[in-house]
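The values are calculated or read from the model by the stated rules, or taken from the named source; none is laboratory data. Everything quoted here is computed from the prediction, not taken from an experiment. Here the Cβ positions follow ideal geometry from the backbone for every residue, glycine too, while neighbour counts run over all protein chains shown.
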Amino acid sequence: MPPVVLDQIKFELEPEVLFKRLHLDPEGEYAAEMVALAKRVAAVARPKAIYRVAYIQDRGEDTVTIEGVRFTSRTLRATLAEVERVFAYVATCGTEMDEVPVPEGDFLGEFCRDTVKELALGAATAFLTAHLKERYSLGKLAAMHPGSGDAIVWPIQQQRPFFSLFGDQVEARIGVRLTPTFLMIPNKSVSGLFYPTEVDFMTCQLCHRERCPHRRAPFDADLWEQRVGATAPAA
C-alpha cells in the first residue's frame with residue numbers, strides 16, 4: 001500500500017493552554033505580546049502526517065524486518081513479538097510556522113513559537129491516531145519511536161532506514177527531512193511505528209532520564225528487564 005498523506009488537519013490555538021505551556025501569567029507583562037505572536041504563528045500552521053501500512057516479514061534474535069527493511073533492536077523485537085501489521089508514520093507541525101519572524105535574541109518569542117509548533121504537532125498526531133482507528137477498525141494503539149527512551153532501546157541512527165520505508169515521500173509530501181545526526185527538521189516532528197495492543201506502553205517506561213520535561217510515564221524496571229535486558233546506563 002502506498003503512503004497516505006493527511007494534510008487537512010484542523011488546528012486551533014487555545015490561549016489558556018499556551019499560557020500553561022509558557023508558564024506565563026495571563027495578566028502579566030508579556031501576556032498580550034505572546035498571545036499576538038502565537039496567533040500569527042498559528043494562523044499559518046499546516047500540521048501534516050504521512051503513514052503507510054507495513055507488515056513484519058522476518059524476526060531474528062534482536063532484529064525485525066519490515067517491508068524489506070531490517071531494524072536492529074532487541075526491544076523492538078520483543079515489543080512486536082505478537083504483531084504482524086504496523087503503521088509506520090511521520091507527523092509534523094509543518095514548515096510554515098518557521099517563516100513567522102521573531103526578533104533575534106527574543107528568547108521568549110522563540111519559545112512561544114516553538115510551543116505553538118509543539119501544539120500543532122500534537123494536533124497532527126491526534127488526528128492521525130483517530131484516522132487509523134476509524135479507517136482500520138483498531139482499538140488501543142501504542143507506538144515506538146527511533147531515538148526515544150534510552151539510546152539502546154531503538155537507536156536514533158535507525159531513522160535513516162526508517163525513512164526508507166517511504167522512499168523519498170517524507171520530504172516531498174510533508175516537508176520533513178533528516179539532518180546528518182538523524183534529527184528531524186522541522187524540529188517539532190515525530191516518527192514511529194503504531195501497532196495494535198492490549199497493554200499500555202510508552203517508551204518513557206524505558207528511559208532513565210528522570211528530569212525529562214516530556215516524560216509521560218515513570219521508568220519501569222521490570223519492563224526494562226523484559227524488553228531491553230541490558231545493563232542500565234550509568235547515571
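In table form, for the structure just shown:
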| read-out | value |
| --- | --- |
| Residue among Y55, Y30, Y51 that is among the aromatic types (F, W, Y) and farther than 21 Å from F166 by Cα | Y30 |
| Search result, residues across the range 176-215 that are part of a loop (DSSP other than H, G, I, E, B), at pLDDT 90 or above and not hydrophobic (A, V, I, L, M, F, W, C) | T179, P180, T181, P186, N187, K188 |
| Single residue of L76, L128 found to be more than 19 Å from R59 (Cβ to Cβ) and hydrophobic (A, V, I, L, M, F, W, C) | L128 |
| Which numbered condition C93 fails, given (1) in contact with a Cys (Cβ under 9 Å, 6 or more places away or on another chain); (2) within 16 Å of G192 (Cα to Cα) | (1) |
| Selection within the range 5-29 - closer than 23 Å to S191 by Cβ and either surrounded by fewer than 13 Cβ atoms within 10 Å (Cβ to Cβ) or among the hydroxyl-bearing types (S, T, Y) (or both) | Q8, K10 |
| Index of the failed condition, R113 passing every other in (1) at pLDDT below 95; (2) among the charged types (D, E, K, R); (3) buried (at least 16 other Cβ atoms within 10 Å of the Cβ) | (1) |
| Residue count, the range 117-141 (criterion: in contact (Cβ under 8 Å) with a residue 60 or more places away in the chain, closer than 19 Å to Y195 by Cα and either of a type in the set (S, T, N, Q) or in contact with a helix residue (DSSP H, G or I) (Cβ under 8 Å, 6 or more places away or on another chain) (or both)) | 2 |
| The range 79-99 - residue that is β-branched (V, I, T) and at pLDDT 95 or above and, of those, farthest from P15 (Cα to Cα) | V86 |
| Qualifying helices (runs of 4 or more DSSP H) (wholly inside the range 1-113; at least 1 residues being free of Cβ contacts under 8 Å to residues at least 12 places away in the same chain) | 15-22, 31-43 |
| Selection count where residues are within 30 Å of Q158 (Cβ to Cβ) and either of a type outside the set (V, I, T) or touching a Cys at 6+ places or on another chain (Cβ under 9 Å) (or both), scope the range 22-71 | 19 |
